[in-house]
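Report on the structure given below.
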Amino acid sequence: MTPRESYSDRMTFLLQGGDAVRQATEGTRAFADGRNLTADELARLCIVIEELVVNLYDHGGLTKEDQVELILAGEPGAIRVTIVDPGVPFDPRSAPMEQDNAERGGGAGIGIVRTWARIVEYDVTDAGNRLELLVPLGLLGGPAAGQPPLSRRR
């Protein structure tokens, strides 16, 4: 891919089925193209989105026919991520941290999301679950729980 001369401040992607994670990652990379994100910022953004999408299909009761709407929007010092899905209601702010699951090698996903993003809002609407979060840019880690993202440093 070559850098774009201009880019949209907001992009929406419809994800579905077995290709949902790939679609989310490719969409995130397309959105980030031309935004001057560092390799670490892009990796954190992709990992947060991947964790959320994988969990929807693994734990949210979604089938391959269900669609997930992923909206990415640029903001000063952060990327706003909004996910709307028809799955089982799940508010990641109040969910207990999972214990490590040796059989699956998992249990870290919600911790990654909470560390690298600030959950702004969760609601159940007629369209399904609506999760909105901010992934800060210019940070080595992420915001402490409940803290606003810091401004991007250059």
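Among the small types (Gly, Ala, Ser) and over 16 Å from VAL84 (Cβ atoms): is that true of ALA43 in this structure? First the steps, then the outcome.
Working: among the small types (Gly, Ala, Ser): yes; over 16 Å from VAL84 (Cβ atoms): yes.
It is true that ALA43 is among the small types (Gly, Ala, Ser) and over 16 Å from VAL84 (Cβ atoms).
Output the number of the condition that GLY60 fails; it satisfies all remaining conditions of (1) modelled with pLDDT of 95 or more; (2) over 16 Å from ALA108 (Cα atoms).
(1)
Considering each of GLU51, GLU69, GLU65 in turn, give the residue that is part of a helix (DSSP H, G or I) and either buried (at least 16 other Cβ atoms within 10 Å of the Cβ) or touching a strand residue (DSSP E or B) at 6+ places or on another chain (Cβ under 8 Å) (or both). Working first, answer last.
Details: GLU69 fails: part of a helix (DSSP H, G or I); GLU65 fails: part of a helix (DSSP H, G or I).
Every option except GLU51 fails the conditions.
The values are calculated or read from the model by the stated rules, or taken from the named source; none is laboratory data. It should be emphasised that the depicted structure is a prediction, and the values quoted were computed from it without experimental measurement. Neighbour counts are summed over all protein chains in view; Cβ atoms, including those assigned to glycine, are modelled from backbone coordinates with ideal geometry.
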